[in-house]
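See below for the structure under consideration.
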Amino acid sequence: KLRFQSKLSLSGLLMLQMEVEEEKGNWTDEDGDKQEAVDLVVDLLVSKSEMLEDYFSLEIDAEGYLAAIPLVADKSYVPDMRKLPNFLLCLGHDTDWESEKGCFMSIADAIADFYSAEMTCVSPYRNPEEGKDEELEALCKEEEHTIQNVVFPCMRTMLKPSAKRATDATVVQVASLERLYKIFERC
């Protein structure tokens, strides 16, 4: 588990995301009161908190505060906390709570999306013609370091694709160290 120093209000985080959704045009006044929607999601997540903690290490207390999130990779990789409000909204809104398999899959998808890295340096919105920004360059180096030293090693040791994924080109082995040694031995 990745435990927060102080608990975070689900209501506050969800309201932040509702504001974002409204700015994107995904929520209008015709959809109803945002606070009511937030309260429904908070109540749902609190009611499912025991299951979320048991299976996913997502700790939500009875008062609607988030105490911990799952740690799915190395402790040195912390997900982008700017995505936390969206993650919580996805848990409350996009999870199929009626079907056991659907529930687990949709929660796993939400966690995967939360932990996925947003690459600032390869963003389609970044203009390479613009002058170099020191803050952006530092962020790019940090992202590159995280990918090389956390994500790739985790994939090498923890990624175990199913037989279907290994044969349908979802996961493709690019190189094999053993094969490379054999090739270079011939040279």
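The values are calculated or read from the model by the stated rules, or taken from the named source; none is laboratory data. What you see is a predicted model, and the numbers here were worked out from it, not measured in a lab. FYI the Cβ positions are ideal-geometry reconstructions off the backbone, even for glycines, and counts take in every protein chain you see. We work out accessible area using only protein heavy atoms, side chains counted, and drop any ligands, DNA or RNA first. Shrake-Rupley method; radii C 1.70, N 1.55, O 1.52, S 1.80 Å.
State whether one or more residues within the stretch 4-12 are open to solvent by less than 40 Å² (accessible area, probe 1.4 Å), in contact with a helix residue (DSSP H, G or I) (Cβ under 8 Å, 6 or more places away or on another chain) and in contact (Cβ under 8 Å) with a residue 60 or more places away in the chain.
The answer is yes; a qualifying residue exists.
Which of the residues belonging to the stretch 130-171 are open to solvent by less than 100 Å² (accessible area, probe 1.4 Å) and not in a helix (DSSP H, G or I)?
Gly131, Asp133, Leu159, Pro161, Ser162, Asp168, Ala169, Thr170, Val171
Taking Asp109 as meeting all but one of (1) modelled with pLDDT under 90; (2) over 19 Å from Val20 (Cβ atoms), write down the number of the exception.
(1)
For residues in the stretch 38-57 being over 14 Å from Trp97 (Cβ atoms) and touching a residue at least 24 places away in the same chain (Cβ under 8 Å), which is farthest from the chain's Cα centre (by Cα)?
My answer is Asp39.
Of the numbered conditions (1) modelled with pLDDT of 80 or more; (2) aliphatic (A, V, I, L, M); (3) open to solvent by less than 60 Å² (accessible area, probe 1.4 Å), Met81 satisfies every one except a single condition; which is it?
(3)
Could you check the stretch 155-169 and list, in sequence order, the residues that are under 27 Å from Tyr77 (Cα atoms) and either β-branched (Val, Ile, Thr) or touching a strand residue (DSSP E or B) at 6+ places or on another chain (Cβ under 8 Å) (or both)?
Selection gives Thr157 alone.
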